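Before any comments, here is the structure.
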Amino acid sequence: MTKDLKPRTRAVHAGSRRSQYGEVSEAIFLTQGFVYDTAEQAEARFIEAGPDEFIYARYGNPTVAMFEERIAALEGAEDAFATASGMAAVSGALTAMLKAGDHVVSARALFGSCLYVLEEILTRYGVEVTFVDGADIAQWRAAIRDDTTAVFFESLSNPTLQVVDIEAVSALAHAKGAKVLVDNVFATPVWSRAFEQGADVVIYSATKHIDGQGRALGGVILGSRDFIRKTVEPYMKHTGGSMSPFTAWVMLKGLETLDLRVRAQTANATALAQALQGHPKLVEVIFPGLETHAQHALVKRQMGQGGTVLSIDLKGGKNAAFAFLNSIEVGVISNNLGDAKTILTHPATTTHQRLPQEQKDALGITDGLVRISVGIEDQDDLVADFLQALEGV
Ligand SMILES: *Cc1c(COP(=O)(O)O)cnc(C)c1O
């Protein structure tokens, strides 16, 4: 596609490959392998496969290629590799580029599985990892060394919605020759300008907003063509974390409506945060889009909008949080996010249950904290329901 089309146009059309039938909706090429016309053709393809030549679905598949091309066009990346889950993307991107003796600096406020990969797995293979408070630039400056290979962080942390300054951390990392890997799930491809701001590699769990309807697990690693094809692809295709064609089709169709959904979710999240702010049953409402958020200026500069997730801290601790959750009618208790349905989570007893108390304290995961991934329901219904649920606490 021509380069100057806007993201919303690219999200609908980019990457389309039509078969001889000229289908409107992209085909699912549910095939693991591909037939060669001749033995010579097979030989040639194993020497070097062209962009529309496939060998085996673990290496690539037409439906998967459509998804990769579309998300790369949307994000403004040279290339992308689709993976079986968000964690296959996070662990794949890191493991593909690191070796024993390398040094990584990471924010400590991470999705639990990301923390496990950095703290438990990479270190087992001789990678040194230093953790910092992601919002504190002085800590990044002190931790990034001449021999640092990579920095890793979630641009917006889960569930306390701390923002990491992509531009500032990238400048520090690049000055030492380190690559910047950003897990950008909470920012979403709609509000992200991570590459412009200095990221070298951007990672999404497609399970979240890209599917957005809770159907499939998936992930994607975006970056330069060199990094994706020479570092990521050889690692992923030989270790088995590739995305399935069916999943790619779900995600491809998800991309077509991603912008509409994320804008509607963001508008709902903003309205809900405003309606709940200052409520007598709450210690606080945490939403990056509120002017009271500690890093609001950075949020404006980096994302423009507050995103689709807010957290509220109830005054009565766990009992109050549970009473609130149990009386919500518009929304479900679960642990995914980015869905069209509003999803409520009590991190302290579910997603972050295994963290020791002092780490929960350090991350601000209190017993009263409820994370709310806001869906696309009617705004008035959401606000009325949340107020009635708080009333009953
Ligand atoms: C969900 C999530 C992941 C993992 O994605 P899966 O698709 O569940 O494997 C990684 N990072 C963040 C920030 C997430 O929210």
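Bear in mind these aren't lab numbers, they're just calculated from the coordinates by the rules spelled out. Because the structure is a prediction, the values reported are computed rather than measured. Here the Cβ positions follow ideal geometry from the backbone for every residue, glycine too, while neighbour counts run over all protein chains shown.
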If the cut-off is 18 Å between C-alpha atoms, which aspartates and glutamates fall inside it for K208, apart from same-chain ones fewer than 8 positions away? E68, E75, E154, D183, E256, D259, D339, E377
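May I ask you to sort L387, L217 by Cβ crowding, counting other Cβ atoms within 10 Å and putting the fewest first? Could the numbers behind the result be given before it?
Details: L387 14, L217 18.
Fewest-to-most ranking of L387, L217: L387, L217.
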To the nearest 0.05, the calculated FRET efficiency linking Q353 and A171 through their beta-carbon distance, R0 being 45 Å, is 0.75
Sparsely packed chymotrypsin sites (Phe, Trp or Tyr not before Pro) within region 184-217, loop by DSSP, other Cβ within 10 Å at most 14: none
Based only on other Cβ atoms within 10 Å, what is the fewest-to-most ordering of H103, H174, H238? H238, H174, H103
Between region 136-164 and region 191-264, how far is it from one alpha carbon centroid to the other, in angstrom? 22
What does a probe at R215 reach in region 9-36, counting residues whose amide N is under 15 Å from the point 7 Å along Cα→Cβ? 25-30
Packing-based exposure ordering (other Cβ within 10 Å, fewest first) of D183, D226, D200, D79: D226, D79, D200, D183
If you project the alpha carbons of the chain onto the principal axes, what extent comes out on each, in Å, largest first? 75, 52, 37
Nearest 10, in degrees from 0 to 90: the angle of helix 166-175 to the longest Cα principal axis of the chain is 50
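Please tell me the relative contact order of the chain in percent, rounded to the nearest whole number, where contacts are Cα pairs under 8 Å and at least six residues apart.
Taking the mean separation of contacting Cα pairs over the length of the chain, I get 16 percent.
What dipole magnitude, in Debye to the nearest 20, does region 23-138 give about its Cα centre under +1 on Lys/Arg Cβ and -1 on Asp/Glu Cβ?
Numbers: 6 positive and 19 negative charges, 106 e Å.
Its charge dipole is roughly 500 debye.
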Where does each of 118-124, 252-258 land if you order them by average Cβ count within 10 Å, highest first? 252-258, 118-124
Diagonalise the Cα gyration tensor of region 38-126 and give the resulting equivalent ellipsoid semi-axes, square root of 5 times each eigenvalue, largest first, whole Å. 32, 17, 11
Net charge dipole size for the chain [Lys, Arg +1 and Asp, Glu -1 on Cβ; Debye, nearest 20]: 80
Extension gain (nm, one decimal) between I333 and S19, 0.36 nm per residue minus Cα-Cα: 108.8 nm
For region 160-267, what is the Kirkwood estimate of the hydrodynamic radius, computed as the reciprocal of the mean inverse distance between distinct Cα atoms, to one decimal in Å? 15.2
